[in-house]
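What follows is one structure encoded as structure tokens, with my remarks underneath.
The values are calculated or read from the model by the stated rules, or taken from the named source; none is laboratory data. The structure presented is a predicted model; accordingly, all values stated were derived computationally and were not measured. So basically every Cβ, Gly included, is an ideal-geometry build from the backbone, and we count neighbours across all protein chains shown.
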Amino acid sequence: MDTLLPIRGPHRPAPPLMPQPTLFRRASFVTSVRELHTLPPEGLGEIAFAGRSNAGKSSALNTLADHRKLAFVSKTPGRTQLLNYFDLGDNRYLVDLPGYGYAKVPDAIRAPWGKTIGEYLHIRQSLVGLALIMDARHPISDLDRELLAWFQPTYKPVHVLLTKSDKLTRDEAQRALMTLRRELEQIGPNYSASLFSSLKKTGWEEAEKVFAKWLGIELKPAAAPPPGPVGKKPRPRHGSWNKKAPG
Ligand SMILES: Nc1nc2c(ncn2[C@@H]2O[C@H](COP(=O)(O)OP(=O)(O)O)[C@@H](O)[C@H]2O)c(=O)[nH]1
Ligand SMILES: [Mg+2]
């Protein structure tokens, strides 16, 4: 009796793998800072990530780090109100700031989240720029404006990632970007913005270029990950791109 063999089609080469973000790929959690006197020693450069709660900051960080759990640490209870430091290697860091917009802050404090983080933004010498995450559908809230006004006296650059751009049509997204850019131009010459989507994994190339320049890191052409064994389907790299941390 004939043995039933699986029917195989002609051999098809695997589709080329898409380039992946590399700049933050080595990012690993170092420490959470509650008081400024416990900040790590000044390094060669750090970028702070800020944004309203729910704007998509954790997802954007995970996308840029090509790591679905990077921002997990920032969500663990007790760490959400702290500055969370991630080491990028070579004495460079990214700093995840707490999201703002939930708690009402007394006017006297002025910075969106209060004194400590407001002060950090002013005094930290190795802070080379601010990455501000905004939801492309509701760009630039009053709190975002307050933060920009607070940061402006440092004369350091700001780059806005207009994330969730997948929720808009191409035209709507372009219009949101242009409107925002016009407003940013009024604030400072080194304020820029680009579209981003953690869902579609788009916009990371432009973000990486800006952040690499700030950090003085030369970007190597994004290396595609090595192909898996022949015939084996590569596992999806971003199966749960925005997995929520418990608690
Ligand atoms: N469609 C879409 N949803 C997103 C995107 N980024 C984040 N989200 C969703 O927005 C919500 C808030 O995201 P999160 O990253 O936790 O925001 P955070 O509070 O700023 O850290 C979650 O439900 C995410 O699934 C995106 O690029 N596209
Ligand atoms: Mg978050």
Within the range 150-171, the count of residues that are in a helix (DSSP H, G or I) and touching a residue at least 12 places away in the same chain (Cβ under 8 Å) comes to 8
Condition set touching a Phe, Trp or Tyr at 6+ places or on another chain (Cβ under 9 Å) and in a loop (DSSP other than H, G, I, E, B), scope the range 195-224, selection modelled with the lowest pLDDT: answer is ILE217
State whether the residues of the range 186-194 include one that is away from ligand 1 (no atom under 15 Å from the Cβ) and either of a type in the set (D, E, K, R) or part of a helix (DSSP H, G or I) (or both). yes
Restricting attention to the range 52-66, the residues that are of a type in the set (Ser, Thr, Tyr), surrounded by 22 or more Cβ atoms within 10 Å (Cβ to Cβ) and within 7 Å of ligand 1 (Cβ to nearest atom) number exactly 1
Taking the range 53-67 and keeping only residues that are more than 13 Å from ligand 2 (Cβ to nearest atom) and either in a loop (DSSP other than H, G, I, E, B) or among the small types (Gly, Ala, Ser) (or both), one is left with ALA65, ASP66, HIS67
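Every residue, every condition in (1) modelled with pLDDT under 90; (2) within 11 Å of the chain's Cα centre (by Cα); (3) part of a strand (DSSP E or B), yes or no:
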{"residue": "THR22", "(1), (2), (3)": "yes, no, no"}
{"residue": "ARG25", "(1), (2), (3)": "yes, no, no"}
{"residue": "PHE29", "(1), (2), (3)": "no, no, yes"}
{"residue": "GLY51", "(1), (2), (3)": "no, yes, yes"}
{"residue": "LYS69", "(1), (2), (3)": "yes, no, no"}
{"residue": "PRO77", "(1), (2), (3)": "yes, no, no"}
Within the range 138-171, the residues that are more than 16 Å from ligand 2 (Cβ to nearest atom), farther than 16 Å from TYR100 by Cβ and in contact with a Ser or Thr (Cβ under 9 Å, 6 or more places away or on another chain) are PRO157, HIS159, LEU162, SER165, ASP166, LYS167
GLN125 passes all but one of the listed conditions (1) under 17 Å from ILE47 (Cβ atoms); (2) part of a helix (DSSP H, G or I); the exception is number (2)
